[in-house]
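Colleague: Below is the structure I would like to discuss, written out as structure tokens.
Each value in this text was obtained by applying a stated rule to the coordinates, not by laboratory testing. In this text, all values refer to a predicted model and were calculated from it rather than measured experimentally. Every residue, glycine among them, receives a Cβ derived from its backbone with ideal geometry; neighbour counts consider all protein chains shown.
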Amino acid sequence: MKRDILFGLIIVGLNFSAFGQDKGVFSGNFQSNFSVFIQDSLIGATEAASPQYGRQISSSEAWLYLNYDIKGFHFAARYDLFNNSNLLNPSESFTGQGLGFWQIKKNIGDLELTAGSFYDQFGSGAVFRAFENRLIGIDYAVEGVKAKYNIGDNFYVKAFTGKQKGAQSNRFETAPQIIKGINSEKGINFKNGNVLNIGASAVNRTLDENTMSSLVTEINSKPLEDRFFPKYNVYALNGYLNASIKDFGFNGEYNYKTSEAIRDNLGNLYNSDGSLILGGVSYSKRKIGPNKKQAVGVNFQYRRIENFPLKVSPYSNLLNGIISYQPSMTRQASYRMLARYQAPAQSVGEQAYQAELIYSLNKNTNVSLNYSDIRDLGGLQLFNEQFFQVEHKFNRKWKGKLGLQMVEYNQSIYEGKDPKKIDNVKTFTPFGEVTYKINRKNSIRLESQMLNTEQDLGSFYHGIIEWNNSPKYTIAISNMINTNPVRVVNPTLANQVLYYPGVFVKYNVKTTSFTAAYVKQVEGINCTGGICRLEPAFSGLRFTLSTQF
């Protein structure tokens, strides 16, 4: 079926080119990953963790994305390939290939019509977000039809109906459940420069007969006092606003979901409605202080979630079938040790705060402070982070960073570890970086981090030396050392000091990039774009190719 759709897109595009004066615009991109798995029982990179070790040895993924625009039409198609891949599920293997995305879009005056696959979101995405995050194998494209109508200046309404793209078991098909939604947003620009955006959305998901039959069977197996009547339909509603008033910014959103069958963190089924509240305020000001060389930025965010998992089915597990976008309410870290403990959103219930201050003393020195606190609705501590960083440019050649991170992390909640055996992980992580610019094209960067903890796997040191030859080459050599091993949570690892060395090479030619890396990676939470998942240890080689045309 999808192969026929692809052939149809090609034929339509060729007909436009052959018979129209406008030859259109063709573009695209290609990305490919290839991994070789080298078993290392010391760090837990074995066949028990991932089937690629010992049997399949290697894996690959590839995406070819094509766009063609002509006479107001937009055609798009993407070919996806997975061979023995653990990208979709880090502890399993998946092989499949086919049409992963296809789309026909047409603008008719103020009306935009889309048929096929599409990505979109309503408001912050809390009631609906269809998106792709290729780095961790996520693809929540909806396949159906969508219409967007521009009513007036900064005022639109859009609606869709369709099915979500399948998970690992049916990657190139769609889930049987139906999703429908409508969203309207109005932007107002005031003469004094202030801006206000307001919007509202409604989303409906309808279960299929097979899912309902499974639900009824499971509910009837429960004690009488725990039984309930499941519903085919769930409705999610929201209202939101974003405002900019002089140097201040405000955002707020309220989301409500009608009652449905959902699961707690232990997998137990129950019936409940839900809510999700977001709010924030920011302030930024340049040219302050007596000499007008300082600047300040402040941002505060709040979120409360109560019984708000919104999926295509109660039987969708892990990151499969998610309709609602609920990113981690923590600072996004780029350093390996600082990113080791992240906090995936708890859709059953959490209350989270995050505050950030950035102060520029002058054009050469910046100070950053960040505080995050996440608890469940009963007050149990889930995550807490305190972060401090100073950046300074000494001269045209030298610049550097120094900082400190302190984290408290509930490993039993985020990683499913036995709470009777472990305490919350508490870390103290100083870090630093220095960059020396040799000349206009060449620079050397040194990075150092020391994570200190008596929980989880113990303390780690991580260091990198990196050479950049812009825009051609990047070469980096790193090592992460488990300096003070602890083996309570994972006694299968060798009870000794462990090393996780790495070598990375990148080569750029115009719009094409090649990378090769030797990697040893510790087990832990991996977050990309605010979406997190637990991944096993990795040992092996990784190669990538990406290009645009």
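Colleague: For a paramagnetic label modelled at 7 Å from the Cα of F428 toward its Cβ, which residues of the range 378-419 fall within the zone defined by backbone nitrogen distances under 14 Å?
Modeller: 404-408
Colleague: Could you state the per residue volume, in Å³, of the convex hull enclosing the Cα atoms of the range 50-91? Intermediate results must be reported in sequence, preceding the final value.
Modeller: Details: hull volume 1.9 nm³, N = 42.
Value for the range 50-91: 45 Å³ per residue.
Colleague: Which three extents, in whole angstrom, do the alpha-carbon atoms of the range 384-436 cover along their principal axes, largest first?
Modeller: Principal extents (Cα only, largest first): 54, 16, 13 Å.
Colleague: Also: For the range 158-252, what is the Kirkwood estimate of the hydrodynamic radius, computed as the reciprocal of the mean inverse distance between distinct Cα atoms, to one decimal in Å?
Modeller: Final number for the Kirkwood radius of the range 158-252 is 17.0 Å.
Colleague: Taking 35 Å as R0, compute the FRET efficiency from the Cβ-Cβ separation of L404 and A516 and round it to 0.05.
Modeller: On the way: r = 34 Å, r/R0 = 0.97.
Efficiency for this residue pair is about 0.55.
Colleague: Convex hull over the Cα atoms of the range 240-312, averaged projected area in nm²?
Modeller: Working: hull surface 28.0 nm².
Convex hull of Cα atoms, orientation-averaged projection: 7.0 nm².
Colleague: In Å³ and rounded to a whole number, note down the convex hull volume per residue for the Cα atoms of the range 67-222. Walk me through the numbers on the way to the answer.
Modeller: Numbers: hull volume 26.6 nm³, N = 156.
Here the figure is 170 Å³ per residue.
Colleague: If each of D208 and K393 carries a label point 7 Å out from its Cα toward its Cβ, how far apart are those two points in nm?
Modeller: In this crude label model, D208 to K393 measures out at 5.6 nm.
Colleague: On average, how much area does the Cα convex hull of the range 53-132 cover when viewed from any direction, in nm²?
Modeller: On the way: hull surface 29.3 nm².
Dividing the Cα hull surface by four gives the mean projection, 7.3 nm².
Colleague: Provide S41, S244, S347 in ascending order of the number of other Cβ atoms located within 10 Å of each residue's Cβ, fewest first. Can you show the working numbers first?
Modeller: Numbers: S41 14, S244 17, S347 21.
If I rank by nearby Cβ atoms, fewest first, I get S41, S244, S347.
Colleague: On to the next question. Could you work out how far apart the two model spin labels at A48 and V216 are, taking each label as a point 7 Å from the Cα in the direction of the beta carbon, and quote it in nm?
Modeller: 4.3
Colleague: For Y353, Y499, Y53, what's the fewest-to-most ordering of other Cβ within 10 Å of each Cβ? Numbers along the way, then the final one.
Modeller: On the way: Y353 16, Y499 12, Y53 21.
Placing the least packed residue first, the sequence is Y499, Y353, Y53.
Colleague: Sorted from largest to smallest, which semi-axis lengths in Å does the alpha carbon gyration tensor of the chain give for its equivalent ellipsoid, taking the root of 5 times each eigenvalue?
Modeller: Three semi-axes, in Å: 36, 31, 30.
Colleague: May I pose another question? Quick one: dipole size for the chain, taken about the Cα centre, charges +1 on Lys/Arg Cβ and -1 on Asp/Glu Cβ, in debye to the nearest 20. Before the final figure, lay out each step's value.
Modeller: Details: 59 positive and 45 negative charges, 488 e Å.
For the chain, the charge dipole is close to 2340 debye.
Colleague: So what is the diffusion coefficient of the range 391-549 in µm² per second by Stokes-Einstein at 4 °C and 1.567 mPa s, using a Kirkwood Rh over Cα pairs?
Modeller: It comes out at roughly 72 µm²/s.
Colleague: A further question on this structure: With the Cα gyration tensor of the range 286-420 in hand, convert its eigenvalues to equivalent ellipsoid semi-axes via √(5λ) and list them largest first in whole Å. Please report the intermediate quantities before stating the final value.
Modeller: Values: eigenvalues 258, 54, 40 Å².
Values for the range 286-420, descending: 36, 16, 14 Å.
Colleague: Sticking with this one: Which one, A261, Y79, N210, projects farthest toward the positive side of the charge dipole computed for the chain from Cβ point charges (K/R +1, D/E -1)?
Modeller: Going by the charge dipole, the pick is Y79.
Colleague: Choose one of I465, L113, L534: the residue whose Cα lies farthest towards the positive end of the charge dipole of the chain (beta-carbon charges +1 Lys, Arg; -1 Asp, Glu; about the Cα centre).
Modeller: I465
Colleague: Taking 45 Å as R0, compute the FRET efficiency from the Cβ-Cβ separation of N317 and K293 and round it to 0.05. Don't skip to the answer; put the middle values down first.
Modeller: Working: r = 53 Å, r/R0 = 1.19.
The calculated FRET efficiency here is 0.25.
Colleague: Still on this model: Per Stokes-Einstein, at 10 °C and 1.306 mPa s, what whole-number D in µm² s⁻¹ belongs to the range 481-549, with the Kirkwood radius over Cα pairs as the hydrodynamic radius? Walk me through the numbers on the way to the answer.
Modeller: Values: Rh = 14.7 Å.
So the translational diffusion coefficient is about 108 µm²/s.
Colleague: Using a 7 Å offset from the Cα along the Cα-to-Cβ direction at both R134 and L545, what is the distance between the two label points in nm, to one decimal?
Modeller: 1.4
Colleague: Something else now. Per 10 Å bin from zero, what fraction in whole % of the C-alpha pairs of the range 159-200 is there, up to the bin with the longest pair?
Modeller: 23, 26, 20, 18, 11, 1
Colleague: Taking N as the number of residues in the range 326-371, what value does Rg over Cα atoms divided by 2.2 N^0.38 Å take? Could the numbers behind the result be given before it?
Modeller: On the way: Rg = 13.8 Å, N = 46, 2.2 N^0.38 = 9.4 Å.
Dividing the Cα Rg of the range 326-371 by 2.2 N^0.38 Å gives 1.47.
Colleague: Which percent of the Cα-Cα distances in the range 230-351 go past 17 Å? The partial results should precede the final answer.
Modeller: Details: 4942 of 7381 pairs.
Here the tail beyond 17 Å accounts for 67 percent of pairs.
Colleague: Right, another one. With 32 Å as the limit, write out which pairs from K23/K186; K163/K472; K106/K165; K285/K399 have Cα-Cα distances beyond it, or answer none.
Modeller: Working: K23/K186 36 Å; K163/K472 43 Å; K106/K165 22 Å; K285/K399 24 Å.
Over 32 Å apart, Cα to Cα: K23/K186; K163/K472.
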